[in-house]
Amino acid sequence: MESVTLKQYKKRVEYSLKMKREKYTILIPEMAPLHFRLIKPILARDGYNTALMGDEGPEVLKKGLQYVHNDICYPCLLITGQMLTAMESGKYDPNKVAMMITQSGGGCRDSNYINLMRKAFEKAGYPNVPFISANTWFMEYNSGVLMRFSTLFMAVAGMVYGDFLMILGNQVRPYENHKGDTDALIDSWINKLIDQFEHGRGYTRKAMRKNLHAMGEDFTKIEKTLTPKVKVAIVGELFLKYSIPGNNHLEEFLVSQDCEYYMPSMLGFGVYKTNGALEELKKFGGKPLKHLTMEIAMKWYFGIEDLLISAIEEFPEFTAPERVRDLMKRSEGILDIANSMGEGWYVAAEILEFAEHGYENIVCVQPFGCLPCHVAVKGVLNKVRQINPKVNAVDIEYDPGATKVNQENRIKLMLAVAKENLENENR
Amino acid sequence: MRIGIDVGSTTIKCVVLDENNQIIHNSYERHFAMITEKTREVMEGLIEKFDIQEPVYLSISGSAGMGLAQNAGIPFIQEVYATKVAVANRLPETDCVIELGGEDAKILFLKGNLEVRMNGTCAGGTGAFADQMASLMNITGDDMNDLAEKSDKIYSIASRCGVFAKTDIQPLLNQGARKEDISASIFKAIVNQTITGLAQGHPIEGNIVYLGGPLTFMSYLRKSFDEALHLKGTLPQDSLLFVALGAAYYATEPVDLKEAVKVIGQKKEFSAESALDPLFKDKAEYDAFLERHSKATVVKREDFNPESGEEVFLGIDSGSTTLKLVLIDREGRICYSRYTSNGGRPIDVVVELLKEMYEKYPSLKVTRAAVTGYGEEMMKSALGIDLGIVETVAHFTAAKFFLPDVEFIIDIGGQDMKCFKIRNGAIDNIFLNEACSSGCGSFLQTFAQSLGYPIDEFAKIGLFGKSPVDLGSRCTVFMNSSVKQAQKEGVSVEDISAGLSYSVVKNALYKVIRVHTAKELGERIVVQGGTFLNDAVLRAFEKELGVNVIRPDIAGMMGAYGAALYAKDSKVSAEESASLITKEELDAFTYETKSINCNGCNNHCNLTVNTFPGGRKFIGGNKCEKPVTKKSADNSLNLYEYKIQYFKDLLGNAANKADVQSTCSSSKKTVGLPLALNMYEMFPFWHALFTNLGYEVKISGFSNRAMYIKGQGTIPSDTVCFPAKMVHGHIMQLIEEEVDYIFFPCLTFNFNEKRGENHYNCAVIAGYPEVIKVNIRDFGKSKYVCEYLGPHNPAHFEKCMYDLINKEFEPASRKEVSKAVEAAYVAYDKYMKAVANKADEIIESAREQGKKIVCLAGRPYHTDPEINHGIHKLVAELGFAVVSEDSISLKMKNLKLNLRNQWTYHARLFSAAGYITTQPDMYLVHLVSFGCGLDAITTDEVRSILESEGHLYTQIKIDEVTNLGAVKIRLRSLLAAIKQAEDAKNNQ
């Protein structure tokens, strides 16, 4: 067998302990702004100096288009653009930054984003910037990544709190009597939580239950008037759902159109995704030890999910998300639960879930040419509409060439139908 | 009184209803992008006609009306919703509305719950598309309709996007296909686009209503829809006005019209956040620019006199939209030249040009002539030209004349873009635009026209635009909507023109060449092609790159000039010499064009046969040389043909041999396998498995166009890759054959060939069987089984298969299943080994015969002749032996990559590329399906593997319809590059 060492191969730059000690700034692309406000101080506990990249301006897409293959998915292009724009912004010392990005390890292209970004950085003249892969499968070892268990649990708690604040906030904000009440409450809770975390508290199950209950009570106390509004749910590709530059300020637009919108929980997606690995093992076989570990991990994960959802269910005036195990049943007859590449069976089940809870108007966001979405979104929408004819869904594709006007025009059409339905209902 | 105004992308419509909802006034006119002015005019007309003093009920709709309505505080109704409102009022029995507009296409499903489909970000089958196609043929839309009525055959034209269609139509025109047939084919393409792109698997049935301009004006388009849908749709009265009508119905708020006119009239200063640098600061800068570029000139001889008897050489460039002709002397000075549009009739036009030339110089005797470009072969046989030369080499030859040590050449023509990097005096790397980003030059032209400017003037007004608008760098359809948006925001034509020039340049740089920095191109750059004669584009190019480049004064004729230089420097033996057509022959020149269907193989190409004086024939449209040489191609050194034959034999044997005796109760039941996607490799596996269980295995067969059409109505995603779309046709085929079972398993994982971190299939392959399950509503007599299975894990797989068989199929014992599974693995191994052995055999014989070897690398399903469009035959005809990536990847394992190597098929690609770097006589040609997301990752890595080791990388993008002309250029350029590299080596 011949074997050749190729000149093109480059060893990846590790994020070392030394870099950690030197307080390299770790840049993270922002997804859900609210969640990340909690995560940042948590990571700081273990000595990580993180910064978020949000809407970095008009140069972002240009940089993305310049340095990554133009047919790659929009999130990859956008994030690479964000990263490179941040490098040149002057805000950070280019010799003392690291990049962090998630890596699913699944069959979707996102498993390779990190590598494409490395290539882009190489070409842009930053070959020495380390990239940290955030994943749960022990891919890509970095000696500088070392965290206390308590910090890990705190990060999970941050997700739970973030979801809770986001889900309840979105259901109160459109109806509040005094504009700004909801956001003020969220701000005060975030400060409280950060304070608790700094004192090493607030992340045990007991503490979480207590905090969540208090939060819920506070939300019920906000004065509001429940005028009928068009209720929209946002589903689709993970990054685009949450990222503000990713979905072209979709939330802002929906607010301007006087809608209430439901943003699905991040934890739910995590549960779906991790459980997908377990389903794959069941379907295709695998090592018994791995199987067992996954079973245990999922048991824990389902427990956390239950904690969040039960806390919301305590307040019947709010719509709680369904548990992933219940969602699985919704996917019957559509996609097999073994299909967890990208958004897999989850999107169809979510649409049916929301439609049943009064959010039958759906904006389904997806990157142009996204491979799993051909199956998980476009492939199933006809079927979903057959199952629940009330579903009024519009799927919006995002890419550097898509114009905001075009996207909003399509959403407006969906909203026009929604408004008509709403008027008929109230007649 | 209620008023509705519809401000569309190209027209503005107005309807006034009285108290009884009767139309008492209507208007319909083009607005030529002057949206505010026209809207104001329409409103003022209304005020005058109806003497409006009080506020009136008014609403605005239309894709260009939103911003306008917002500014003026007029109620806005989304245009599709407006259609719905109008239809509900006027035609309540309607089930489905098909509405085509200037740049939009919509389908409304009204039965049950309202469902609306609009064209997404990638769609073209609209009115603007029809206009564009008509102008390509130099006719009007009406002419096109009349011509189509007289058609007698249909060509297949890509229906996804206008740019694709254009690349299909151009060669047809050049080959001399009848305009009648092309026109009809264009309408059919629009229909196909609407059905696949919009209906997305939703059946179109019941009472259908046609609305909008194109469907109103073009009877043939309606007819084509009727035929495709097997029903008769109706064109209602006022079919142009439904959006405006809906707006009128919706108008329930009084609006002060006079005030609105005033607000709309106020011109807003547009402040562009994303404005680009102006092309020129001032006139002085422009003058300096002109001065600099005036230096790259070639001498034109005014005193040329053929009586002197000196040698002269003729070069002809028969491009996609233009014809160029250059006559030079021994010193390369130009004696005579012409540049003209080919008007869609290149032969007629070239005959005219030659006649003119002979008229000017009656005693002219051309020593040698060469032709290049799309029409090369046809011209050669029509006019008796000595030499043919591939375009890339022609352009390189010409560029060297201006800059001997040129490093980079970029040529942007009307339709195509060619760029090549020169290393060590040879063409090292070629970039041709893939079908998706083409149309650059002609796009500018079409856009200028749609804004009401001639192209020259349009470019000129852009030169001094103060803040050019950033329109992005995607395909023209996207740019169209960006331009629309800019117009809506009130950007001046000056800034749009300048912005478009930047876009063309960015497309070239970032989409086609994919540069990262200007440095990569080097410093000595020659730009050419008609599009660069446009100073705005040239300047945008220099500004974007930050480098001053050379633009020869004959930038538009470099192909022809290069051909002439080539003719000058070539030696032609007496027998090769064809002697250019003489003046007398020209006067008597006539030719005949016939179109026929080739029955040489199951491609059934549409051939166009041109018969020229002296019985010389030129055949176009062929995918192989069979109709030309009357011989079947020699397939002995073509692994793709071997694979096809292997599958055929497998089926033949199964049918003939009754040696598989089974005791199972399943005997005589049939299992149908769709020969699509991964089934291309897994077929021997499943075939053995089911045969051993006693089933008769049927296969859907190799893909063809008719099969694709059968399934297209059920395709839910119009942007998925063609191999996936093709699956629908295969399934329909099996349903028609009434097999008992259709088996199409979901394989998330492929076999683990131990090359990388994982062994996935791509997401489309993994999930597509389920897409079929939920989108095909009626499987007829067949039972569809699409379970998730994992043959990569044999023990577990056997158990799952046993469960599956007993759940979905006829009962079988564990032992029987176990035996069948074992046979399946054996059959799969046998197939893979046979392919690898055959590859070794081919490589060995190729080396004995001194042939070069091309690894045509893609996926197993690229073997399908409808998917690869016969490219493997084309490669073989050019004198290469052909092997595939799977066959040679075994020779190389454990490559270290800069990627996570986690897809089995793609891992083979990397291994194959790695192996090729060790073989001096092997070349890799990468087949990429349009829309294949994973190849966005693999192409760069494969290129980097090859190029880092000094090897050439050639990529061919294939789709539903592929222009083989462009593929040929690429392959011939590869051949030229190989030859040049060898010559260079030999000269050292």
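The values are calculated or read from the model by the stated rules, or taken from the named source; none is laboratory data. Not measured: the values here are computed from a predicted model. Positions of Cβ are backbone-derived with ideal geometry, glycine not excepted, and every protein chain shown enters the neighbour counts.
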Inter-residue pairs, beta-carbon under 6 Å, first modelled with pLDDT under 90 and in region A:415-426, second surrounded by fewer than 15 Cβ atoms within 10 Å (Cβ to Cβ) and not in a helix (DSSP H, G or I), 6+ apart: A:ASN426/A:PRO228
Give the number of residues within region A:396-413 that are within 8 Å of chain B (Cβ to nearest Cβ) and in contact with a strand residue (DSSP E or B) (Cβ under 7 Å, 6 or more places away or on another chain). 4
Only unsatisfied item for B:LEU909, checking (1) outside any loop (DSSP other than H, G, I, E, B); (2) more than 28 Å from B:SER973 (Cβ to Cβ), is (2)
Leading residue by the ranking (surrounded by the fewest Cβ atoms within 10 Å (Cβ to Cβ)) among those in region B:932-961 that are more than 14 Å from every other protein chain (Cβ to nearest Cβ) and out of contact with any strand residue (DSSP E or B) (no Cβ under 8 Å at 6 or more places or on another chain): B:VAL961
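Name the single residue, out of those in region B:471-513 being among the charged types (D, E, K, R) and modelled with pLDDT under 80, that is farthest from A:GLN407 (Cα to Cα).
Across region B:471-513, the extreme among qualifying residues is B:LYS511.
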Among (1) more than 24 Å from B:GLU941 (Cα to Cα); (2) within 13 Å of another protein chain (Cβ to nearest Cβ), A:GLN66 falls short only on (1)
Residue under question is A:LEU422, and the condition is that it be in a helix (DSSP H, G or I) and either surrounded by 23 or more Cβ atoms within 10 Å (Cβ to Cβ) or facing chain B (nearest Cβ under 7 Å) (or both); does it hold? no
When A:ASP55 is evaluated against the numbered criteria (1) of a type in the set (Asp, Glu); (2) away from chain B (no Cβ under 14 Å); (3) out of contact with any helix residue (DSSP H, G or I) (no Cβ under 7 Å at 6 or more places or on another chain), which criterion, by number, is the only one it fails? (2)
Only one of A:PHE149, A:PHE138, A:PHE164 is closer than 29 Å to B:LEU899 by Cβ and hydrophobic (A, V, I, L, M, F, W, C), namely A:PHE138
Do we find a residue being touching a Phe, Trp or Tyr at 6+ places or on another chain (Cβ under 8 Å), assigned to a strand (DSSP E or B) and of a type outside the set (D, E, K, R) anywhere in region A:204-227? no
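Results for (1) loosely packed, with under 13 Cβ neighbours inside 10 Å; (2) modelled with pLDDT of 95 or more, shown as yes or no for each residue.
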{"residue": "A:ALA134", "(1), (2)": "no, no"}
{"residue": "A:ARG148", "(1), (2)": "yes, no"}
{"residue": "A:LEU152", "(1), (2)": "no, no"}
{"residue": "A:VAL160", "(1), (2)": "no, yes"}
{"residue": "A:LEU168", "(1), (2)": "no, yes"}
{"residue": "A:GLN171", "(1), (2)": "no, yes"}
{"residue": "A:PRO174", "(1), (2)": "no, yes"}
{"residue": "A:THR182", "(1), (2)": "no, yes"}
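Restricting to region A:91-113, count the residues that are of a type outside the set (Gly, Ala, Ser), away from chain B (no Cβ under 14 Å) and in contact with a helix residue (DSSP H, G or I) (Cβ under 9 Å, 6 or more places away or on another chain).
Within region A:91-113, the first condition is being of a type outside the set (Gly, Ala, Ser), and the residues that meet it are A:91-97, A:99-103, A:108-110, A:112-113.
Within this subset, residues satisfying the condition of being away from chain B (no Cβ under 14 Å) are A:91-97, A:99-100.
Add one more test, that the residue is in contact with a helix residue (DSSP H, G or I) (Cβ under 9 Å, 6 or more places away or on another chain), and what stays is A:92, A:94, A:96-97, A:99.
Residues that pass the stated criteria total 5.
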If you scan region A:5-35, which residues turn out to be crowded, with 16+ Cβ neighbours inside 10 Å and within 14 Å of another protein chain (Cβ to nearest Cβ)? A:LEU6, A:GLN8, A:VAL13
Among the residues of region A:145-191, which ones are more than 15 Å from A:GLU317 (Cα to Cα), touching a residue at least 40 places away in the same chain (Cβ under 8 Å) and among the small types (Gly, Ala, Ser)? A:SER150, A:ALA155, A:ALA157, A:GLY158, A:GLY162
Here the residues within region A:295-335 that are within 14 Å of another protein chain (Cβ to nearest Cβ) and buried (at least 23 other Cβ atoms within 10 Å of the Cβ) are A:ILE334, A:LEU335
Unique residue being surrounded by fewer than 12 Cβ atoms within 10 Å (Cβ to Cβ) and either touching a strand residue (DSSP E or B) at 6+ places or on another chain (Cβ under 9 Å) or at pLDDT 85 or above (or both) when the list is B:LYS258, B:LYS295, B:LYS324, B:LYS267: B:LYS295
With respect to B:GLU115, determine if the residue is acidic (Asp, Glu), over 29 Å from the mean Cα position of the chain (by Cα) and within 23 Å of B:GLY201 (Cα to Cα). yes
Residues that are within 18 Å of the chain's Cα centre (by Cα), crowded, with 16+ Cβ neighbours inside 10 Å, modelled with pLDDT of 75 or more and among the aliphatic types (A, V, I, L, M): does region B:139-148 have at least one? no
Looking at this structure, is A:ARG109 buried (at least 20 other Cβ atoms within 10 Å of the Cβ), in contact with a Cys (Cβ under 7 Å, 6 or more places away or on another chain), not assigned by TED's automatic domain parsing to the domain that holds A:ILE234 and not hydrophobic (A, V, I, L, M, F, W, C)? yes
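For region A:333-344, what are the residues that are out of contact with any Asp or Glu (no Cβ under 7 Å at 6 or more places or on another chain) and either under 18 Å from B:GLU787 (Cβ atoms) or not assigned by TED's automatic domain parsing to the domain that holds A:LYS383 (or both)?
Once the filter is applied, which keeps residues that are out of contact with any Asp or Glu (no Cβ under 7 Å at 6 or more places or on another chain) and either under 18 Å from B:GLU787 (Cβ atoms) or not assigned by TED's automatic domain parsing to the domain that holds A:LYS383 (or both), region A:333-344 yields A:GLY333, A:ILE334, A:MET341, A:GLY344.
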Give me a count of the residues in region B:48-100 that are assigned to a loop (DSSP other than H, G, I, E, B) and crowded, with 22+ Cβ neighbours inside 10 Å. 6
Given the structure, is A:GLY358 in the same structural domain as A:ASP395 (by TED's automatic domain parsing) and farther than 30 Å from B:LEU789 by Cβ? yes
Quickly run through region B:178-222 and pick out the residues that are closer than 22 Å to B:LEU91 by Cβ, at pLDDT 90 or above and aliphatic (A, V, I, L, M). B:ILE208, B:VAL209, B:LEU211, B:LEU215, B:MET218, B:LEU221
Subset of region A:344-388 (residues that are assigned to a loop (DSSP other than H, G, I, E, B) and at pLDDT 90 or above): A:GLY344, A:TRP345, A:HIS357, A:GLY358, A:TYR359, A:GLU360, A:ASN388
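Out of all the residues in region A:378-385, is one or more touching a Phe, Trp or Tyr at 6+ places or on another chain (Cβ under 9 Å) and within 9 Å of another protein chain (Cβ to nearest Cβ)?
Yes, because at least one residue in region A:378-385 is touching a Phe, Trp or Tyr at 6+ places or on another chain (Cβ under 9 Å) and within 9 Å of another protein chain (Cβ to nearest Cβ).
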Please tell me if A:GLY106 is without any contact (Cβ under 8 Å) to a residue 24 or more places away in the chain and not in a helix (DSSP H, G or I). no
If the requirement is being free of Cβ contacts under 8 Å to residues at least 24 places away in the same chain and not β-branched (Val, Ile, Thr), which of these qualifies: B:GLU99, B:GLU48? B:GLU48
I need the helices (runs of 4 or more DSSP H) fully contained in region B:696-810, keeping only those with at least 3 residues that are within 12 Å of chain A (Cβ to nearest Cβ) and among the acidic types (Asp, Glu). none
